[in-house]
Amino acid sequence: MSHSFFHFLLISVFLYTNCMALRHYTFTVKEVPYTKLCSTKKILTVNGQFPGPILKAYKGDTIYVNVRNRASENITMHWHGVEQPRNPWSDGPEYITQCPIRPGSDFTYKVIFSIEDTTVWWHAHSSWTRATVHGLIFIYPRLPKALPFPKSDHEVPLVLGEWWKQDVREVVEEFIRSGAAPNESDALTINGHPGFLYPCSKSDTYELAVEKGKTYRIRMVNAAMNIILFFAIAKHNVTVVSADGHYTKPFSAAYITISPGQTLDVLLHADQNPKRTYYMAARAYQSNLDIGFNNSTTIAVLRYISSNNDTKTSTSSSSSKRYPKLPPYNDTSAAFKFFSSIRSLYSGLVPARITRKIFTTVSINLLPCPNNSCEGPNGSRLASSMSNISFVTPSHVDILKAYYYHIRGVYGTRFPDFPPLVFNYTAEDQPLFLLTPRLATEVKMLEYGESVEMVIQGTSLVVNGLDHPMHLHGFSFYVVGAGLGNFNESEDPSTYNLDDPPYRNTATVPRSGWITIRFVANNPGVWFMHCHFDRHQTWGMNVVLIVKNGRGIDQQILPPPPGLPPCY
């Protein structure tokens, strides 16, 4: 081999490796018309797509995404489930880690993958723009690393969502103005399609074609705004192999429960009669029937094809026997049986020696209105809180910038380790004085390297309890315990799973119940924690965790990138 050819080969390999590791994407945010449910409206999209484009990366990659805002409203992007080590600048929540990208402006996000193994997702994080601005991220192991489950023949993206006939901006403006709950969505969707049970939607039904004997890896997310979902496929069990970007011990399931923000990887084995048509379906899980919710069902089609000529082999008949059997919409035991079936693939990694304990409540609240003029209960305004503090989002300077540059007056540091008011959190009748929270922008400061245990307790205030999918930016955490009723500090820790609990970034607090999570605060930065029901986030069920810098250079926040969107 000549020296010149050898040098050429080395350069080619170098360039190829760097191109693979440093991928560049362009997201153009713009409004385009979409027709669903007999009507047409303009929606926000990325590159005109709904759901948005799939990003692909190998474990440990860094990618760059240039977001070009060509819409008429502000936008930010969040890389949900990506820990972004030392890089909160690209995490995305509006006025938490950045000011928004204004119409006509651009910003390039640096997305640093680290410990994520499987499927995560991206979505807008400005007001309710994520309703239509979202998409999946496929993460692959670096060769020769093998998957800890059988390799599939094909990969299938599956995005569960919600659709409003009304402009989503109008939905938000209306419920913020009135103080009442937002209008319910008009349809649920599978990959953007409502399915044939809805008006004008026979041709707007997602269809998955499979071959007998093949295995399909379904990478899925619940991108709905305010609904936990049951999902199943008629006559087909699935094998769950991953949750929230991390491998799980495989287990077979006849149905799944998935909360907003959560991702799952499941294996579908095409092992049924190929001459029949089967249906996939999703509908809400709702534990509190006093609260309005979209109780419809979205349907998709699973049909078998011939491996020879890719033609249909199934019939078009719709026998009810081939519809999936979903749990009743208020079946709490079924919902949490699925959640509790998830176990981390790896054992013995849970922080054992806890150095920081936090106990916080999550509640629905009421705020008084002049002359009882709002449309919430008793003329009040609906709100929500953590530890009786309803989070007030800054409007001029983001918290990360204020922390990094020592700008005073943007936030306080008095978020408590324990709620300021102690009461029977899950009692049916609560004193009226408990209903009104304190309005504030309070953060929780954590020392670098602390081993944190956080108990998140649901309460029965206002609506007698509701489930809350809580998401933490910048971290995955171990869900070591969960239960109904009030957390008992002397008894409940004995039930903790400290061996192989689920390792997640979004975990659901049961109605009038609790969960306990553990993580090591080893990612310095400003990180948002909030309910992933967007109405609750809008009302204030949020807190910001600030993890201080450690001593080493690799334990400190990266410097701010060029071109950060300016604040006004």
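Scanning segment 508-558 for residues that are of a type in the set (Val, Ile, Thr) and in a strand (DSSP E or B) yields Thr508, Val509, Ile515, Thr516, Ile517, Val520, Val526, Val543, Val544, Ile546, Val547.
So in segment 53-84, with the set limited to residues that are assigned to a strand (DSSP E or B) and either charged (D, E, K, R) or open to solvent by 10 Å² or more (accessible area, probe 1.4 Å) (or both), which one is farthest from Leu143 (Cα to Cα)? If you could, list the steps in order and put the result at the bottom.
Keep residues of segment 53-84 that are assigned to a strand (DSSP E or B), which gives 55-58, 62-69, 75, 77-80.
From what is left, the residues that are either charged (D, E, K, R) or open to solvent by 10 Å² or more (accessible area, probe 1.4 Å) (or both) are 56, 58, 62, 64, 66, 68.
On the way: Lys56: 15, Tyr58: 9, Thr62: 17, Tyr64: 22, Asn66: 28, Arg68: 34 Å.
Applying the filter and picking the extreme gives Arg68.
Quick check on segment 150-193: of everything there that is acidic (Asp, Glu) and in a loop (DSSP other than H, G, I, E, B), which residue is nearest to Leu367 (Cα to Cα)?
Taking segment 150-193 and keeping what is acidic (Asp, Glu), we get 153, 155, 162, 167, 170, 173-174, 184, 186.
Within this subset, residues satisfying the condition of being in a loop (DSSP other than H, G, I, E, B) are 153, 167, 184, 186.
Working: Asp153: 54, Asp167: 27, Glu184: 22, Asp186: 28 Å.
So, considering only residues that are acidic (Asp, Glu) and in a loop (DSSP other than H, G, I, E, B), the one nearest to Leu367 (Cα to Cα) is Glu184.
If you go through segment 463-513, how many residues are modelled with pLDDT under 95 and among the aliphatic types (A, V, I, L, M)?
From segment 463-513, those modelled with pLDDT under 95 are 463-466, 512; that's our starting set.
Then drop every residue that is not among the aliphatic types (A, V, I, L, M), which leaves 463, 466.
Result for segment 463-513: 2.
If the condition is being over 14 Å from Pro93 (Cβ atoms) and open to solvent by 10 Å² or more (accessible area, probe 1.4 Å), then segment 534-555 contributes Arg535, Trp539, Lys548, Asn549, Gly550, Arg551, Gly552, Ile553, Asp554, Gln555.
The rows are residues; the columns are (1) in contact with a Cys (Cβ under 7 Å, 6 or more places away or on another chain); (2) open to solvent by 10 Å² or more (accessible area, probe 1.4 Å); (3) farther than 24 Å from Tyr503 by Cα.
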| site | (1), (2), (3) |
| --- | --- |
| Pro93 | no, no, no |
| Cys99 | yes, no, yes |
| Asp106 | no, yes, yes |
| Lys110 | no, yes, yes |
| Phe113 | no, no, no |
| Glu116 | no, no, no |
| His123 | no, no, no |
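Taken together, the residues in segment 133-189 that are touching a strand residue (DSSP E or B) at 6+ places or on another chain (Cβ under 7 Å) and among the aliphatic types (A, V, I, L, M) amount to 12. Taking segment 461-477 as the range and being touching a Leu at 6+ places or on another chain (Cβ under 9 Å), open to solvent by less than 10 Å² (accessible area, probe 1.4 Å) and closer than 21 Å to Ala180 by Cα as the test, only Leu461 passes. Within segment 331-344, the set of residues being assigned to a loop (DSSP other than H, G, I, E, B) and either modelled with pLDDT under 95 or within 17 Å of Tyr496 (Cα to Cα) (or both) comprises Ile342, Arg343.
Which members of segment 493-533 meet the condition of being of a type in the set (A, V, I, L, M) and open to solvent by less than 30 Å² (accessible area, probe 1.4 Å)?
Taking segment 493-533 first, the residues of a type in the set (A, V, I, L, M) are 498, 507, 509, 515, 517, 520-521, 526, 529.
Residues satisfying the conditions are Ala507, Val509, Ile515, Ile517, Ala521, Val526, Met529.
The values are calculated or read from the model by the stated rules, or taken from the named source; none is laboratory data. These figures come from a predicted structure and were not determined experimentally. Glycine gets a Cβ as well: all are built from the backbone with ideal geometry, and neighbour counts include every protein chain shown. The protein model used for the area step is the full one, side chains on, heavy atoms only, and it has no ligands, DNA or RNA in it. Shrake-Rupley method; radii C 1.70, N 1.55, O 1.52, S 1.80 Å.
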